[in-house]
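One structure is given below, encoded as structure tokens.
The values are calculated or read from the model by the stated rules, or taken from the named source; none is laboratory data. Remember, it's a predicted structure, so these values are computed and weren't measured experimentally. Every residue, glycine as well, gets a Cβ built from its backbone with ideal geometry; the counts of neighbours run over all protein chains shown. Quick note on the areas: whole protein, heavy atoms, side chains included, nothing else; ligands and nucleic acids left out. Shrake-Rupley method; radii C 1.70, N 1.55, O 1.52, S 1.80 Å.
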Amino acid sequence: MKVMKTLNYIIFLLLLFCVPAAAEAASSLQAKIDAAPNGSKIEIEEGKYEEKIVISKPLFLVGTGKVTLYSCDGGPVITISGKTVRLKNIEVEHCGNEKEDAAVYVTGSNHTLEELEIKTNRFGIRLNQADGVTIRNSKIVGSNTGNGIDLWQSNRSHIEKLMIANMTDGIYLEQSNRNSLKRNNIQHSRYGIHLMFSNGNVLEKNVSRDNTTGAMVMGSKQNVVSNNKFLFNHNNVNAQGLLIYTASDNEVKGNDIISNRVGVYAERAENNRIESNKIMNNFIGIQFKKANKNEATQNTFIGNVNDAHAIESPHNQINENYWDASSKVDMNGDGKSEISFAADPYFQTLTNDVPEYQLFFHAPGLIVIQNLLKSPVDQLLTDTAPLMDMTSEMEKEVSSNSSLWIMSACMIASSFILYLLGRRRG
């Protein structure tokens, strides 16, 4: 009888402690993933899950309500491999500090990641030999110690409508070809978009602002950089809107490159076409260093402190651009000035030696000195047929901006007058 009581007590303890554990394991996300048949949909109930998951078969995981997966351990919070995995409406918090860790790690092909919100101490989403991946409508915020989206040998992917902030590089591609990067907004990072040895990619309608460099194209060919906005990338001595380094055969067209330290900087770059860009309010509009056989045409240069600067770059085609600083005489009515425009960086050379001379920018005496003491020929970018007028779209925008400034000045003046009248009556 005593033996039976002892056995019953042991069984009771086993039921008490083991059954809940088994039930908990059975209800874990990983257990559901492992048990789900290929191609099925798993709805994750609202809640916060301290769990890392691995998905290696075709599945659709979607959060219902606010779903958060988080982990501070080494390794990714979510690991994806195989084919056609889809994630939607999931928050991922990655608080680990391993150098190469990522919140989401992806290999395989044809996956879709959408409506994710990622907070990470390191990388956001890493694609390693992953092809045909779509990442869209998501947000990634970091601590400036990893890349937001990182592609390594990953091709034909679509990255669109992302908000990325506080990363080392917002979107980084290395040896990754024919990818599409569209309508992304990247801020407060080192490089907004960074291409390394990656060819045939399309960068379109992205906004890259308040970074060290808006976008960098290095060692890459046949990329199209069109209709982007590279704005306010000026908080560093090496800041640029667009940096083209040892790259060739790229097309830069229709971009707004505004209020950067250097608008477009090309070094050791060849056969690139820079066309129909608005290059405005930069310290240097366009700068070439040991860069030749490039073409810059139909661009609009307005309000730059220095329009252009060249170092050992005498063999570029610079023609039919609009320069607000150029002298304009059109004798035959073709819309082009008969007076060539040579952008002389004399003032920049002078202020590099004595920065305090920036106080005399556009002073009459300095202009006289600049006309007398020309820069070396290899530092001049000469437009042989500068345009007489801006495009109609640019004229509307400049006119709108001017009207806004005039209105603001009038309002300030009115306020000041009212203030003075009030004082007199008092």
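Output the qualifying pairs, or none if there are none: Cβ atoms under 8 angstrom, residues six or more apart or on different chains, first residue in the range 175-195 and on the phi > 0 side of the Ramachandran plot, second residue acidic (D, E).
R183/E160; R183/E204; H188/D210
I'd like the residue in the range 155-169 that is under 16 Å from F123 (Cα atoms) and touching a Gly at 6+ places or on another chain (Cβ under 9 Å) and, out of all such residues, is most open to solvent (accessible area, probe 1.4 Å).
Filtering the range 155-169 for residues that are under 16 Å from F123 (Cα atoms) and touching a Gly at 6+ places or on another chain (Cβ under 9 Å), the one most open to solvent (accessible area, probe 1.4 Å) comes out as N166.
Looking at (1) among the polar types (S, T, N, Q); (2) open to solvent by 20 Å² or more (accessible area, probe 1.4 Å); (3) under 25 Å from P314 (Cα atoms), can you tell me which one N235 breaks?
With (1) among the polar types (S, T, N, Q); (2) open to solvent by 20 Å² or more (accessible area, probe 1.4 Å); (3) under 25 Å from P314 (Cα atoms) applied to N235, the lone miss is (3).
Just to be sure before I move on: is I140 open to solvent by less than 40 Å² (accessible area, probe 1.4 Å), of a type in the set (V, I, T) and more than 20 Å from Q222 (Cβ to Cβ) in the structure I sent? Give the derivation first.
Values: open to solvent by less than 40 Å² (accessible area, probe 1.4 Å): yes; of a type in the set (V, I, T): yes; more than 20 Å from Q222 (Cβ to Cβ): yes.
Taking the combined requirement at face value, the residue satisfies it.
Is there any pair with a first residue in the range 204-221 that is at positive phi and a second that is aliphatic (A, V, I, L, M) and open to solvent by less than 20 Å² (accessible area, probe 1.4 Å) whose Cβ atoms are under 7 Å apart and which are 6 or more apart or on different chains, and what are they?
Cβ pairs passing all conditions: G219/A247.
Suppose the filter is over 15 Å from H309 (Cα atoms), open to solvent by 10 Å² or more (accessible area, probe 1.4 Å), modelled with pLDDT of 95 or more and within 19 Å of the chain's Cα centre (by Cα); does K253 pass it?
Working: over 15 Å from H309 (Cα atoms): yes; open to solvent by 10 Å² or more (accessible area, probe 1.4 Å): yes; modelled with pLDDT of 95 or more: yes; within 19 Å of the chain's Cα centre (by Cα): yes.
Answer is yes for this residue.
Within the range 170-186, restricting attention to residues that are more than 19 Å from N110 (Cα to Cα) and in a loop (DSSP other than H, G, I, E, B), which residue is least open to solvent (accessible area, probe 1.4 Å)?
Within the range 170-186, the match that is least open to solvent (accessible area, probe 1.4 Å) is N184.
Output the residues belonging to the range 85-105 that are at pLDDT 95 or above and either open to solvent by 40 Å² or more (accessible area, probe 1.4 Å) or not β-branched (V, I, T) (or both).
First pass over the range 85-105, keeping only residues at pLDDT 95 or above: 85-94, 102-105.
Passing the criteria: R86, L87, K88, N89, E91, E93, H94, A102, A103, Y105.
Six or more apart or on different chains, Cβ under 6 Å: which pairs go from a residue in the range 242-263 that's part of a loop (DSSP other than H, G, I, E, B) to one that's modelled with pLDDT of 95 or more and among the charged types (D, E, K, R)? Could you list them?
T246/R268; D249/K221
Out of Q370, Q348, I need the residue that is assigned to a helix (DSSP H, G or I), at pLDDT below 90 and open to solvent by 40 Å² or more (accessible area, probe 1.4 Å). Which one?
Values: Q348 fails: open to solvent by 40 Å² or more (accessible area, probe 1.4 Å).
Step by step, each of Q370, Q348 is checked, and only Q370 is assigned to a helix (DSSP H, G or I), at pLDDT below 90 and open to solvent by 40 Å² or more (accessible area, probe 1.4 Å).
Run H234 past the list (1) assigned to a strand (DSSP E or B); (2) touching a Phe, Trp or Tyr at 6+ places or on another chain (Cβ under 9 Å) and report the number of the one that doesn't hold.
Here H234 clears every test but (1).
When only residues in the range 318-345 that are of a type outside the set (V, I, T) and in contact with a Lys or Arg (Cβ under 8 Å, 6 or more places away or on another chain) count, which is modelled with the lowest pLDDT?
Filtering the range 318-345 down to residues of a type outside the set (V, I, T) leaves 319-328, 330-338, 340-345.
Next, only the ones that are in contact with a Lys or Arg (Cβ under 8 Å, 6 or more places away or on another chain) stay: 320, 330, 337, 344.
Numbers: E320: 95, D330: 83, S337: 88, D344: 63.
Per the criteria, the residue is D344.
Could you check N147 against (1) under 19 Å from the mean Cα position of the chain (by Cα); (2) more than 13 Å from I80 (Cα to Cα); (3) open to solvent by less than 10 Å² (accessible area, probe 1.4 Å) and say which number it fails?
(3)
Please state which of the following conditions T64 fails to meet, knowing it meets all the rest: (1) open to solvent by 40 Å² or more (accessible area, probe 1.4 Å); (2) at pLDDT below 95; (3) of a type in the set (S, T, N, Q).
(2)
Within the range 125-153, how many residues are in a strand (DSSP E or B) and within 16 Å of I186 (Cβ to Cβ)? Outline the logic, then answer.
Let us first name the residues in the range 125-153 that are in a strand (DSSP E or B), namely 125-131, 134-141, 149-152.
Now drop any that are not within 16 Å of I186 (Cβ to Cβ), which leaves 125, 135-141, 149-151.
The number of residues fulfilling the criteria is 11.
Is at least one residue of the range 154-169 without any contact (Cβ under 8 Å) to a residue 24 or more places away in the chain and not in a strand (DSSP E or B)?
At the first step, the residues of the range 154-169 found to be without any contact (Cβ under 8 Å) to a residue 24 or more places away in the chain are none.
Looking for residues that are without any contact (Cβ under 8 Å) to a residue 24 or more places away in the chain and not in a strand (DSSP E or B), one finds none in the range 154-169, hence no.
So which of S189, S198 ends up being in a loop (DSSP other than H, G, I, E, B) and under 19 Å from G263 (Cα atoms)?
Values: S198 fails: under 19 Å from G263 (Cα atoms).
On inspection, the qualifying residue turns out to be S189.
Looking only at the range 310-323, count how many residues are in contact with a helix residue (DSSP H, G or I) (Cβ under 9 Å, 6 or more places away or on another chain) and open to solvent by 10 Å² or more (accessible area, probe 1.4 Å). Please lay out each step first, then the result.
Within the range 310-323, the subset in contact with a helix residue (DSSP H, G or I) (Cβ under 9 Å, 6 or more places away or on another chain) is 310-314, 322.
Now drop any that are not open to solvent by 10 Å² or more (accessible area, probe 1.4 Å), which leaves 311-312, 314, 322.
Selection size over the range 310-323: 4.
Hey, could you check the range 274-292 for residues that are of a type in the set (D, E, K, R) and touching a residue at least 24 places away in the same chain (Cβ under 8 Å) and say which is least open to solvent (accessible area, probe 1.4 Å)? Break it down stepwise before answering.
So the first thing to find is which residues in the range 274-292 are of a type in the set (D, E, K, R), and the list is 275, 278, 289-290.
Within this subset, residues satisfying the condition of being touching a residue at least 24 places away in the same chain (Cβ under 8 Å) are 275, 278, 289.
Values: E275: 33, K278: 12, K289: 72 Å².
Applying the filter and picking the extreme gives K278.
Output the residues belonging to the range 81-115 that are on the phi > 0 side of the Ramachandran plot, part of a strand (DSSP E or B) and more than 22 Å from the chain's Cα centre (by Cα). Break it down stepwise before answering.
Within the range 81-115, the first condition is being on the phi > 0 side of the Ramachandran plot, and the residues that meet it are 82, 84, 89, 108, 110, 115.
Within this subset, residues satisfying the condition of being part of a strand (DSSP E or B) are 89, 108, 115.
Across the range 81-115, the qualifying residues are N89, G108.
Within the range 202-249, count every residue that is of a type outside the set (A, V, I, L, M), more than 14 Å from the chain's Cα centre (by Cα) and at pLDDT 95 or above.
Adding up the residues that qualify gives 9.
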